[in-house]
Amino acid sequence: MPSFDTGSDSFSLPLAKRQKTLIENATHPELRAVGSRIFSPFRTLGLVSPTPVPFTCARLGKSTFQVTTSVGRCLHTYDIRQGLKLIFISRPQTPEHITASFAWQDRTFAAWGVPGSGAHGGVWVFKRGKKIGSLPLHIGSPEPIERLLVFGSWIVGCCAKSIKIWKNGSYEYYTTLTCAGSPAHEAHVTQICNMPTYLNKIFVGKSDGAVEIWNVKTGRLVHTILPAFPNAGPVTVLQPSPVLSVIAIAYKNGAISIQNVETSQSVLSFTQTQSITSIAFRSDGLGAGEDGQLPGAMATASIDSGDITFWDLNRGGRMMGVLRGAHRVQGNDSGSGINHIQFLDGQPVIISSGKDNSLRTWIFDETPFSPIPRPLHSRRGHSDTITTVSFLPSASDGSESTAKWLLSASKDCSLWGFSLRKDSQSTEISQGSVEHRAKKRGDTRLAMGGNSSASQNGLRTPEVTCIACSLNRDGGMSNTTPGPVWANPRATDTSTSSKTGWESIVTGHRGDKYARTWFWGKKKAGRWVFETADGTDVKSVAISQCGTFALIGSAGGSIGVFNMQSGQHRQSLPSQKTKINPNSNNEALQRSHKHTKAVTGLTLDALNRTAVSCGLDGKVKFWDFQSGLLIDELDWHPMTAITALRHNTTSELVAFSCDDLSIRVVDMETKKIVRELWGCVGQINDFTFSNDGRWIIAASMDSVIRVWDLPTGHLIDLFRVSSTCTSLAMSPTGDFLATAHADGLGIGLWSNRSMFIPVSTRNLNIDNIQDSNLPSSSGEGGVGVLEAAFTRDYEQGESDGPVLPTKQLSQGMLTLSLVPKNKWQTLVHMDLIKERNMPKEPPKAPEKAPFFLPTPSSNDEHMKSIPSDKAVTELSRVSKVQLSENYSTGSRFTSLLKAGCLSGDLDAFFDEIKFMNPSKLELEIRSLDPKIQGHQSEMSAFVLALSNRLSSGRDFELVNAWMAVFLRIHSDVVARCSTSSTDAESKLRDSLDTWSRVQQIEVQRLASLVGYCRGVVGFLRSSR
């Protein structure tokens, strides 16, 4: 109901649902930084649980649980019932990284801050991903909160030297507890928990091994539990058990003590080699004993290991089993293991998360009973720094949606496919039964190991350094091509692969002489490995657009061509069976064919005629792909060495990055340099073409991303990011730029604003550089694709350079308009649009009117005064006829048309109709009067105006579109004027004859201009 204001006659209605406000941007002015002129931060892909902050879980009613993880400055909430589906992302972002979180009922509390002296922090409250409040901080306590606990009517925040208390519900600050140690040794707080039935009590673990019990209401220390072991070290875990008054305490030295709080006696004790950082108790009354029908099951995990250990606490306690490799541990990193585990309340399911950026659920089988759970669901991402990103190309048959998938590889030796539309579809491309092969070798730890374990033992591939892909021969999920993984089977049946397709991805790996193939449709490893001819490491790979051939470049300078269907080696470049072209006079070709150093780039044109290679020897070689002959060569040695190559199939341009910090662009047809781009400071990490081949985007070691416009050669954009960009890629549709950064596990997506707003081609310098925020997981601080279309903070003019005129430069040219293409195309297809939007059936009256509407009986007099729909229609028709009979009361369209015909200046008329929306313009053309009023009718005047505009060579596409609409609407009048001899028809016939003559002249002139341009371009591209 609306709330009435007693001090005013008006009343305020309820707020609309999900109303968007600008308060968030007002409180965070740094998020409104200008940054890039072309790209706007959109969001980050691939983050699940990349921080050491433990996840928090809360039961939601009787149906499901929700798990919340921290991904830096925002929270991700997953629904367990829906298979760990991402349902909420918290907004706004916290000012600093989240240090602790706790889920209570339908709310999530998140503490943020920066560890260190004098750092500030805070606690925010979220509900369904939206911030609903914050907790006030006590003045004079700048240290951030490291742990949170919510129970009953209290909110407890644990800092290193103090404990802060708030009231739950009102979020009112209550008090601060100071945990002082002995004068000789000051102990700080390490853990905190509460126990059921202990009203207003919290248990505080300290760095000296003691556990203190505090009453938060009175602020008094109630009791102290002394360390159970001498020299046990700090308390690392405090976890209450399902049994009343029993708590598990873990210490730094690996000891675990299960104690009775009431008697202060130790019930059980264990000792492990590693420090335990997480303990969980199973609460469904099962899981222990020989048959799993007894209560008393416990699980432990360590931040230094990826294993989960399960214990039976009956009869003195015993170890039931170990879940090996639950999470991946990166090499010798001691802090990259499991950071938290938790059993679901009353369920045989355990949740685990680790520093490997993964969240997993495991379920215990009851029949037959197994003490070790099996995987249930998982959400994962890269566990180490991403090194290579590449958008999946679109297939020629349209089987794969364009720009939907993104390929990425990282130092964790994995290859992933990330979906830009649905995060749950993202998956790691399988490398075969790694665990099965590891078990055969007798070491299951290698199955989940990092690049220093599994990859060195041949179970997982080494780190991927280069990727090439073509989907034109990929069979998708229906691919039934048989064969073991990377085994190069000798007997292959090509008839099956000819029907269903074959591998579509080829990759090169660090320190490996084999290039490997992958099935994209099946998301698994392929059958073939391609070995370099000279036995050196693979440095570059390429695949033909048809998906049939793969090119492999080695560190020794050799280039091999392999068939992706059969896995056979077809030829080498240069071919070993052919000789040099005798007609060539180039001395460089006579001296050498093969690259003398590593081949750093390979590509093949769309017709499989010419292959291009480059190397550290400073040479660019052009090969005849069929014969293997060397066609031409560009020698830039000793001036520079070439480090990478990128090819744009739209423009057939090839760009080369060089170690002299330049990017050189070469035309594949003329084999000449067309652009040299300078400005990078430091090594060029990666670069790419835009989808239309107009831009080159490069990232360098100075953390700056630069964009060059190839037609002008200008540097049109440059912006600095907080972390060095190591790899980037542009989507095939041009709407997104993907970047990977040196210290991140996610992939940043940037919206391309040039698709909706004009971008200046003014040349920039280093003084124009601006800092830009990286994309966030919540998408805050940037705009999406649609929002970018309505931003108004772009440059309205070029203050530092000349403004290009929009008028026609010469009468001998044909000039197009600046009206968007979709606007005049909508006008042409207006009938089809109206037909599609027409309702299938007339609207039906409701069976029962809402109670707040007046009944017809109470408003009979009012209803009588309102004419029926039929009467309104007749009145509108009569008024239109009367309006057409009175020329002096015409619309602005007809008034400007008449004035332009009398004065001979039609610019005002055409400027008016350019800005009309298509439906209004279509109505005006339909309403043209065929009767003569003065010297011309409206129809003949309109045709003569279009003829005049066409003869001037301006707005070529608009004039033809308008004439097409006129002929379609008034086709009956045009047909009648050819046989009738009245004045009106004769005037229209004469104007149509004038249009026909002008159009024929302009068509011939357009054909001559196009032919001239084709001749000039052909002459310039000719190699003679």
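Taken together, the values in this text are just the output of simple stated rules run on the coordinates, not laboratory data. The structure displayed is predicted, hence computed values, not measured ones. Cβ: placed from backbone, ideal geometry, glycine included. Neighbour counts: every protein chain shown.
The residues neighbouring Arg380, those whose beta-carbon lies less than 12 Å from its own, together hold a net charge of -1 under the Lys/Arg +1, Asp/Glu -1 convention.
Percentage of Cα-Cα pair distances in the range 286-352 greater than 21 Å, rounded to whole percent? Result for the distance tail: 29 percent. With bins 10 Å wide starting at 0, give me the P(r) of the range 922-986 over every alpha carbon pair, in whole percents. Percent of Cα pairs in each bin: 20, 50, 28, 2. Length gained on full extension, Ile766 to His223: 189.0 nm, using 0.36 nm per residue less the C-alpha separation. Taking label points 7 Å from Cα along the Cα-to-Cβ direction, Asp291 and Ser245 give a separation of 3.3 nm. Just so you know, the Rg over Rh for the range 602-701 is 0.95, from Cα atoms, with Rh as the Kirkwood radius. The phi-based Karplus calculation (6.51 cos²θ - 1.76 cosθ + 1.60; θ = phi - 60°) puts the 3J(HN,Hα) values of the range 510-527 at 5, x, 10, 8, 10, 9, 10, 10, 9, 8, 7, x, 7, 6, 8, 5, x, 8 Hz, whole numbers, x for Gly and Pro. Less than 5 angstrom separates the built amide H of Thr277 from those of Ala301, Ser302, Ile303, all sequence-distant by 5 or more or on a different chain. Under 5 Å from the amide H of Phe549 lie the amide H atoms of Ser544, Met564, each residue being 5 or more positions distant or on a separate chain, with H modelled from the backbone and absent for Pro and chain starts.
Protection proxy ranking, highest mean first, for peptides 614-624, 123-133: 614-624, 123-133, where packing is the per-residue count of other beta-carbon atoms within 10 Å, averaged. With a Förster radius of 22 Å applied to the beta-carbon distance between Lys914 and Ser891, the computed FRET efficiency rounds to 0.85.
Approximating the spin labels as points 7 Å out from Cα along Cα→Cβ, the Lys499-to-Lys167 distance works out to 7.6 nm. Taking the Cα centre of the range 900-953 as origin and assigning +1 to Lys and Arg Cβ atoms and -1 to Asp and Glu Cβ atoms, the resulting dipole is close to 140 debye. Given their separation in residues at 0.36 nm each and the Cα-Cα distance between them, Ser419 and Thr273 gain 48.4 nm when the chain is fully extended. Using Cα centres only, tell me the gap between the range 672-726 and the range 205-264 in whole Å. Taking the Cα centre of the range 205-264 as reference, the centre of the range 672-726 is 58 Å away.
Applying 1/(1 + (r/R0)^6) with r as the Cβ-Cβ distance of Phe756 and Val322 and R0 = 60 angstrom yields a FRET efficiency of 0.60.
Taking the charge dipole of the range 121-166 about its Cα centre, with +1 at Lys and Arg Cβ atoms and -1 at Asp and Glu Cβ atoms, the residue from Pro144, Ser134, Ile163 reaching farthest to the positive side is Ser134.
Considering only Asn253, Phe281, Met319, and ranking their Cα positions along the charge dipole of the range 248-325 that arises from unit charges at the beta-carbon of Lys, Arg, Asp and Glu, the one farthest toward the positive end is Asn253.
Subtracting the Cα-Cα distance of Lys130 and Ala964 from their residue separation scaled by 0.36 nm leaves 295.0 nm.
From most to least packed by mean Cβ count within 10 Å, the peptides 954-961, 741-748 give 741-748, 954-961. A straight line joining the Cα centroids of the range 494-558 and the range 53-98 runs 40 Å.
Scalar couplings 3J(HN,Hα) for the range 297-308, obtained by applying the Karplus form with A = 6.51, B = -1.76, C = 1.60 to θ = phi - 60°, are 8, 9, 10, 10, 8, 10, 5, 8, 9, x, 9, 10 Hz; x denotes Gly and Pro.
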